[in-house]
Amino acid sequence: MDLDGRAGWRYAYNGRLPGPVLEARPGDTVRVALTNRLAEATNLHFHGLHIPPTGSGDNPFLHIPPGESFTYEFTIPEQHPSGTFWYHPHVHGSAARQVSLGLAGLFVVRGEMDEIPEIAAASERFLVLQDWPEEPSPMERIRGREGALVTASGLRDPILPAAQGGLMRLRILNASSSRFYRLRMEDHPWYVIATDGGPIPEPAGYDELLVTPGQRVEVLVKGDRAEGRYRLLNLPYDRGGPLFRGLAGETLATLEYQGRAETTVGLPTRLPEATPLPKSDLPRRTLVMSEGMMGMSFTINGRTFDDRRVDTRVRLGSVEEWEIVNRGGMDHPFHLHTNSFQVVGADGVAERARRDVVLVPRGERRVIRAGFFDYPGKTVYHCHILDHEDLGMMGTLEVAA
Ligand code: C2O
Ligand code: CU
Ligand code: CU
């Protein structure tokens, strides 16, 4: 593949970097035929979708050997939130390498959100953020591999055309295996309309957004500045561990005004948020993430991943609060499959946003409230720095009636 004028070996879905954008609506049945032309086993994970984690659904335990094909098939439930989800391989031990070689694509669920008039009038862009690491040294693997070249939907510093008086809707995905992005658009605040798990109650303004591996954020940008060009910058962020290079801000993309919108569009006032999860009266569970043996083992509750074990059992239909504790020296973005959650603040109040990845900074803890609805079966939770997941920071969850 050729990337920013540099030829190199990459992995790709249908020959494209990133892979094709898959789109579906609630109620649709989805079939994805995966043919493995790699020389190693791979599989597909549908990150963030609320679909069965078993059979030919979002089953992270399947391995598709080289030369073989497998058809994933599942139905998006009628109540599924509209939002920005994604797909990527999930073979334990190879996830970081396969994803950072290019295997990632968006999975968009269109629904209520897309029918809000202001949002329907906005110009929509996908920004899949990827970096392109070389084969890492042991130290780089412990930290989580990062590449110097960063692309936005396969391009280095693409132009984002904006219209004066219009709205731009960006669907941003961090598809990097380890790199964090701290995003700022010169002179343009971000108006967040959705997080990982779909819409939030109303647009919320921020100057900067921190997007960890696996996270998505949907934002509106108002075209209300003077003609010209404005840079989308990635600012430095120290996520702990060795080898932090406090690089100056790099440009990921450039907003450029090109003409006027036919009609001026303002921000929407209300968004179709999901129903909040009820408080749980079950005892809180604790999951401790740590790095042992000079970084050679990455554990949750003292154990490295073993797919034959069940680490956490929950009851189908229940709501639980989990306290995620980071005892390590690096930040770890914690991710849960199949069900989204709400983050509970120190005051006990749950954030309205739904997420499936929450950053737990080094030395800190976060409480999440998750409901385990609709689908019995076994799945996983893990750190979404994929080298950490490959090195063992993943546990299994069994949901049973
Ligand atoms: Cu995007 Cu289990 O991961
Ligand atoms: Cu996932
Ligand atoms: Cu981690």
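Name every residue in region 29-57 that is exposed (fewer than 14 other Cβ atoms within 10 Å of the Cβ) and either among the hydrophobic types (A, V, I, L, M, F, W, C) or farther than 27 Å from L155 by Cα (or both), in order of residue number.
Scanning region 29-57 gives T29, R31, A33, A39, G55.
With in the same structural domain as A104 (by TED's automatic domain parsing), within 16 Å of ligand 3 (Cβ to nearest atom) and part of a loop (DSSP other than H, G, I, E, B) as the only criterion, which of H90, H80 stands out?
Testing whether each residue is in the same structural domain as A104 (by TED's automatic domain parsing), within 16 Å of ligand 3 (Cβ to nearest atom) and part of a loop (DSSP other than H, G, I, E, B) leaves just H90.
Identify the residue in region 280-333 that is under 17 Å from F372 (Cβ atoms) and β-branched (V, I, T) and, among all such residues, is surrounded by the fewest Cβ atoms within 10 Å (Cβ to Cβ).
Ranking the candidates gives V310 first.
Confirm whether P236 is of a type outside the set (A, V, I, L, M), more than 16 Å from ligand 2 (Cβ to nearest atom), over 19 Å from R125 (Cα atoms) and modelled with pLDDT of 95 or more.
no
Determine whether region 144-153 contains at least one residue that is over 30 Å from T299 (Cβ atoms), surrounded by fewer than 18 Cβ atoms within 10 Å (Cβ to Cβ) and touching a Phe, Trp or Tyr at 6+ places or on another chain (Cβ under 6 Å).
Yes, some residue in region 144-153 is over 30 Å from T299 (Cβ atoms), surrounded by fewer than 18 Cβ atoms within 10 Å (Cβ to Cβ) and touching a Phe, Trp or Tyr at 6+ places or on another chain (Cβ under 6 Å).
Every residue, every condition in (1) farther than 20 Å from R366 by Cβ; (2) free of Cβ contacts under 8 Å to residues at least 12 places away in the same chain, yes or no:
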| residue | (1), (2) |
| --- | --- |
| P283 | no, yes |
| E291 | no, no |
| S297 | yes, no |
| T304 | yes, no |
| T312 | no, no |
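Has region 144-161 got any residue that is without any contact (Cβ under 8 Å) to a residue 60 or more places away in the chain, more than 20 Å from the chain's Cα centre (by Cα) and outside any strand (DSSP E or B)?
Yes, that holds for at least one residue.
For region 102-129, what are the residues that are crowded, with 22+ Cβ neighbours inside 10 Å and of a type in the set (F, W, Y)?
Matches in region 102-129: F107 only.
Going residue by residue through region 276-284, is there one that turns out to be part of a strand (DSSP E or B) and under 26 Å from the mean Cα position of the chain (by Cα)?
The answer is no, given that none of the residues of region 276-284 is part of a strand (DSSP E or B) and under 26 Å from the mean Cα position of the chain (by Cα).
Every residue in region 173-212 that is free of Cβ contacts under 8 Å to residues at least 60 places away in the same chain and either surrounded by 22 or more Cβ atoms within 10 Å (Cβ to Cβ) or assigned to a strand (DSSP E or B) (or both), please.
N174, R179, R182, W190, V192, A204, G205, Y206, L209
If you scan region 245-275, which residues turn out to be within 23 Å of the chain's Cα centre (by Cα) and surrounded by 11 or more Cβ atoms within 10 Å (Cβ to Cβ)?
Residues satisfying the conditions are G249, E250, T251, L252, A253, T254, L271, P272, E273, A274.
Take region 93-107 and flag every residue that is in a loop (DSSP other than H, G, I, E, B) and away from ligand 3 (no atom under 16 Å from the Cβ).
Passing the criteria: S94, L101, G102, L103, A104.
Can you tell me which of (1) within 23 Å of the chain's Cα centre (by Cα); (2) acidic (D, E); (3) more than 16 Å from ligand 2 (Cβ to nearest atom) is the one D58 doesn't meet?
With (1) within 23 Å of the chain's Cα centre (by Cα); (2) acidic (D, E); (3) more than 16 Å from ligand 2 (Cβ to nearest atom) applied to D58, the lone miss is (3).
Among the residues of region 317-326, is there at least one that is away from ligand 1 (no atom under 16 Å from the Cβ), in contact (Cβ under 8 Å) with a residue 24 or more places away in the chain and part of a loop (DSSP other than H, G, I, E, B)?
The answer is yes; a qualifying residue exists.
Of all residues in region 38-76, which are among the aliphatic types (A, V, I, L, M) and assigned to a loop (DSSP other than H, G, I, E, B)?
Result: L38, A39, A41, L44, L49, I51, L62, I76.
Filter region 61-89 down to residues that are within 16 Å of the chain's Cα centre (by Cα) and within 16 Å of ligand 1 (Cβ to nearest atom) and give me whichever is surrounded by the fewest Cβ atoms within 10 Å (Cβ to Cβ).
So, considering only residues that are within 16 Å of the chain's Cα centre (by Cα) and within 16 Å of ligand 1 (Cβ to nearest atom), the one surrounded by the fewest Cβ atoms within 10 Å (Cβ to Cβ) is H88.
Scan region 331-385 for residues that are under 24 Å from P89 (Cα atoms) and within 13 Å of ligand 3 (Cβ to nearest atom) and report the count.
Qualifying residue count, region 331-385: 14.
The values are calculated or read from the model by the stated rules, or taken from the named source; none is laboratory data. Quantities reported herein were computed from a predicted structural model and do not represent experimental measurements. Reconstructed Cβ throughout: ideal geometry from the backbone, glycine too, with neighbour counts over all protein chains shown.
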